[in-house]
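These notes concern the structure reproduced below.
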Amino acid sequence: MPPRPPSIVLTIAGSDSGGGAGIQADLKAIHTISEGKCHGCSAITCLTAQNSCGVTSLHSPPVDFLRSQLLAVEEDLYPSAVKIGMLGTKELADEVGSWLRKLKENGDKRAPFVVCDPVMITTSGHKLVDDTAKVAMIEKVFPYADLVTPNKFEAEELLGKTLCTPQDVEDGARAILAMGPRAVIIKGGHSLLEGNNKVVESEETNASVGYAQDYLLLSDESAAEGKPVKDKARLCDGSRGVWIRNDRYDSAHTHGTGCTLSSAIASAWAMGQRERDAVGSAKGGENIGALCAMRLVDACCVAKAYVNAGIARGVQLGKGPGPVVHTGFPDSYKNFPTIELSASSTSMSSFPAMQSYHSAKSSSSSAPALGRILPIVDTVEWIEQLVSTPGIEDVQLRFKDTTDYDVILDRIKRSSALCQSAGVRLWINDYWKAAIEAGGCFGIHLGQEDLASCVDDGGLDLIRDAGLAFGVSTHSYSELCAALGVRPSYISLGPVFSTQSKDVKFDPQGLETVRQWRSLIPPTIPLIAIGGIGNADVAKVVRGAGAECSAVIGAVTKADDVKKAVADLNAAME
């Protein structure tokens, strides 16, 4: 089978003769973050004479020439995604808006995903466009944009007000959303203290100094795309408003970060659409769940990690600040962001730490070691059998046949007594209130929808106060960011392979995603693989991919010899 062609990503932006920003940064970002899965095209809106010290001259080509560029690409290399950068004149903004309207209203082809980076002000505060161009961009381009990506100063220019607090940023995002785009991310590369000597230092403003945190807000329509359970919220659902956080690097070498972020977002989204188009077709899709699930919030998280890695490697090339470095698809927990419950918090208590069975062999930590396997069962009878089975250190109880609270509470109490007498740790799936009331449980495991409702009910603090460990399921990049944001005891990924044990809303992840997750999660947090691990041979390859624990169901409950199955699984996960 011939290789699949890459997705086309078009950048409509200005040229930076210094090579650090504009289309030069865009094309590097498109090609490197996608690692060959995207091909970059360009349409030039502005020529700049600039170097690392600044811009010395600007020239905008005639509108007719921009139109010719757009039509040339459209007719032969129809884009999956479009990134729009500097539109220096009203006429250029009008032309791009007309072209986008034509694509969005054309029912013959799928409209491209559009990211608009409203380049208006330099880092030093110099205005690059006049008010007529700004108004034209808002009126003609924003209504066709799936995402706009202003930095702090650009957001203030759009809003006509200063952003002094995280609440100002959230309110500002809602106001920009009302201008027509389907989503907005106000970038946090500049702290709230920059450019405004009237801001009073406080915990919430100081958080923006220590962290680079972006605020993402989606319209309800945009947030619904790809959502696994339509009527249930997740912490990573952009319609709730999402704070995406990285530690801030103390570096001046950040030239081109805005261009790079917007192009990386467009490319990451296009990678996901490419995979969704191929799955189930004759094009040979890899059927990787996390990639198929790459929607807007996921793309923003991945792009932020990409930019953060580039800032970490930035060096000076000329006399002025150096450009962000273009690396590859994120592969390190050191740069992967978290989704935070609050932009104002400077710290959050972690749940009780655990270590993997393997790290415990050489560690001096007193943290309990998670077992190599985690059987998941749904009856007290299975709990009773497993606690007496050699090699069982952890077991999880779930409830498939009832939602009656009293029945669930009774089962938890009986299971807890059995586990405590045998020295086995009991994890409760979903029903955290009953677990706290019953007492004697070791930990709670929540899926993403239950995590969101738990947060809304103030449950995280209650679980911490009860001294319970905490595990979280993940299926996508944004869900991983949300899980990291609550500082759990472990993180699980699934389904690794196809499974019939439950109605799973995500495609199988495959072993490559297991490897990737292990690199994106700090080594101090154990990774559990779940889904389709039906025997010891499968568990062995999952272990080889980096998972420290396999959650198993049928491999134990359907085994002819449970003791032998447990022994074989433990040996496979050695």
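Which members of segment 478-496 meet the condition of being open to solvent by less than 10 Å² (accessible area, probe 1.4 Å), touching a residue at least 40 places away in the same chain (Cβ under 8 Å) and assigned to a helix (DSSP H, G or I)?
S478, E479, L480, C481, A482, G485
Is there any pair with a first residue in segment 87-108 that is free of Cβ contacts under 8 Å to residues at least 24 places away in the same chain and a second that is open to solvent by 10 Å² or more (accessible area, probe 1.4 Å) whose Cβ atoms are under 6 Å apart and which are 6 or more apart or on different chains, and what are they?
none
How many residues, within segment 148-181, are in contact with a Lys or Arg (Cβ under 6 Å, 6 or more places away or on another chain) and acidic (D, E)?
Result for segment 148-181: 0.
Pick from D231, D214: which is at pLDDT 65 or above, acidic (D, E) and in a loop (DSSP other than H, G, I, E, B)?
Exactly one residue qualifies, and that residue is D231.
Any residue at all in segment 35-50 that's at positive phi, assigned to a loop (DSSP other than H, G, I, E, B) and open to solvent by 60 Å² or more (accessible area, probe 1.4 Å)?
yes
Answer yes or no: is there a residue in segment 512-520 that is touching a Leu at 6+ places or on another chain (Cβ under 8 Å), under 24 Å from T557 (Cβ atoms), of a type outside the set (V, I, T) and at pLDDT 95 or above.
The answer is no, given that none of the residues of segment 512-520 is touching a Leu at 6+ places or on another chain (Cβ under 8 Å), under 24 Å from T557 (Cβ atoms), of a type outside the set (V, I, T) and at pLDDT 95 or above.
Considering (1) open to solvent by 20 Å² or more (accessible area, probe 1.4 Å); (2) touching a Gly at 6+ places or on another chain (Cβ under 6 Å); (3) within 24 Å of Q213 (Cβ to Cβ), say which one I121 fails and leave the rest.
(2)
Can you find, within segment 326-348, the residue that is farthest from the chain's Cα centre (by Cα) among those that are among the aliphatic types (A, V, I, L, M) and at pLDDT below 95?
M348
State whether one or more residues within segment 130-142 are at pLDDT 90 or above, within 19 Å of the chain's Cα centre (by Cα) and among the hydrophobic types (A, V, I, L, M, F, W, C).
no
Just one of (1) under 30 Å from the mean Cα position of the chain (by Cα); (2) free of Cβ contacts under 8 Å to residues at least 40 places away in the same chain; (3) open to solvent by 50 Å² or more (accessible area, probe 1.4 Å); (4) within 26 Å of H326 (Cβ to Cβ) trips up S17, so point out which.
(1)
Residue pairs, Cβ under 6 Å, 6 or more apart or interchain, first in segment 387-406 and at positive phi, second among the polar types (S, T, N, Q) and surrounded by 18 or more Cβ atoms within 10 Å (Cβ to Cβ). List them.
Close Cβ pairs satisfying both conditions: G391/N570.
Collect the residues in segment 79-91 that are under 18 Å from L128 (Cα atoms) and crowded, with 24+ Cβ neighbours inside 10 Å, keeping them in residue-number order.
If the condition is that a residue be under 18 Å from L128 (Cα atoms) and crowded, with 24+ Cβ neighbours inside 10 Å, then I84, G85, M86, L87 are the ones that fit.
Among what's in segment 463-477 and is assigned to a helix (DSSP H, G or I) and touching a Cys at 6+ places or on another chain (Cβ under 9 Å), pick the residue that is surrounded by the fewest Cβ atoms within 10 Å (Cβ to Cβ).
I463
Name the residues in segment 225-245 that are over 12 Å from the mean Cα position of the chain (by Cα) and either surrounded by 22 or more Cβ atoms within 10 Å (Cβ to Cβ) or of a type in the set (F, W, Y) (or both), would you?
R234
For segment 488-509, does any single residue satisfy the condition of being modelled with pLDDT of 95 or more and more than 25 Å from R295 (Cα to Cα)?
Scanning segment 488-509, I find at least one residue that is modelled with pLDDT of 95 or more and more than 25 Å from R295 (Cα to Cα), so the answer is yes.
Going through segment 234-256 one residue at a time, which ones are in contact with a Phe, Trp or Tyr (Cβ under 7 Å, 6 or more places away or on another chain) and modelled with pLDDT under 90?
The one that is in contact with a Phe, Trp or Tyr (Cβ under 7 Å, 6 or more places away or on another chain) and modelled with pLDDT under 90: R248.
Which members of segment 521-544 meet the condition of being of a type in the set (A, V, I, L, M, F, W, C) and surrounded by fewer than 21 Cβ atoms within 10 Å (Cβ to Cβ)?
Within segment 521-544, V538, V541 qualify.
Sort out which residues of segment 297-320 are crowded, with 20+ Cβ neighbours inside 10 Å and either of a type in the set (V, I, T) or part of a loop (DSSP other than H, G, I, E, B) (or both), and write them in order of number.
Result: V297, V302, V307, I311, G314.
Consider only pairs whose beta carbons are under 9 Å apart and that are at least six residues apart or on different chains; among these, list those whose first residue lies in segment 507-518 and is assigned to a helix (DSSP H, G or I) and whose second residue is among the acidic types (D, E) and open to solvent by 40 Å² or more (accessible area, probe 1.4 Å).
Listed by first residue and then by second, the contacts come to G510/E286; E512/E286; Q516/D331.
Check every one of the helices (runs of 4 or more DSSP H) wholly within segment 54-141 and list those with 3 or more residues that are in contact with a Leu (Cβ under 7 Å, 6 or more places away or on another chain) and under 18 Å from L10 (Cα atoms).
Counting at least 3 such residues, we get 63-76, 90-105.
Consider A529 against the criteria (1) within 28 Å of the chain's Cα centre (by Cα); (2) among the hydrophobic types (A, V, I, L, M, F, W, C); (3) in a helix (DSSP H, G or I); (4) under 20 Å from L397 (Cα atoms): it satisfies all of them except one. Which criterion is unmet?
(3)
Evaluate segment 249-263: report whether one residue or more is among the aliphatic types (A, V, I, L, M) and assigned to a helix (DSSP H, G or I).
Yes - at least one qualifying residue is present in segment 249-263.
Does S7 meet the test of being touching a Ser or Thr at 6+ places or on another chain (Cβ under 8 Å) and either of a type in the set (D, E) or at pLDDT 95 or above (or both)?
Here the answer is yes, as S7 does meet what is asked.
When you scan segment 410-417, do you find a residue that is touching a residue at least 40 places away in the same chain (Cβ under 8 Å) and not small (G, A, S), even just one?
The answer is no; no qualifying residue exists.
Output the number of residues of segment 345-375 satisfying the condition of being in a loop (DSSP other than H, G, I, E, B), over 13 Å from E548 (Cα atoms), open to solvent by less than 40 Å² (accessible area, probe 1.4 Å) and out of contact with any Ser or Thr (no Cβ under 6 Å at 6 or more places or on another chain).
2
Here is a list of conditions, (1) at pLDDT below 90; (2) within 24 Å of A173 (Cα to Cα); (3) part of a loop (DSSP other than H, G, I, E, B), and G284 meets all of them except one; can you say which number that is?
All conditions are met except number (2).
The values are calculated or read from the model by the stated rules, or taken from the named source; none is laboratory data. A quick note: this is a predicted structure, and the numbers were derived from the prediction, not measured. Don't worry about glycine lacking a Cβ; one is built from the backbone with ideal geometry, like all the others, and counts go over all protein chains shown. Please note that ligands, DNA and RNA were not included when accessible areas were found on the heavy atoms of the full protein model with its side chains. Shrake-Rupley method; radii C 1.70, N 1.55, O 1.52, S 1.80 Å.
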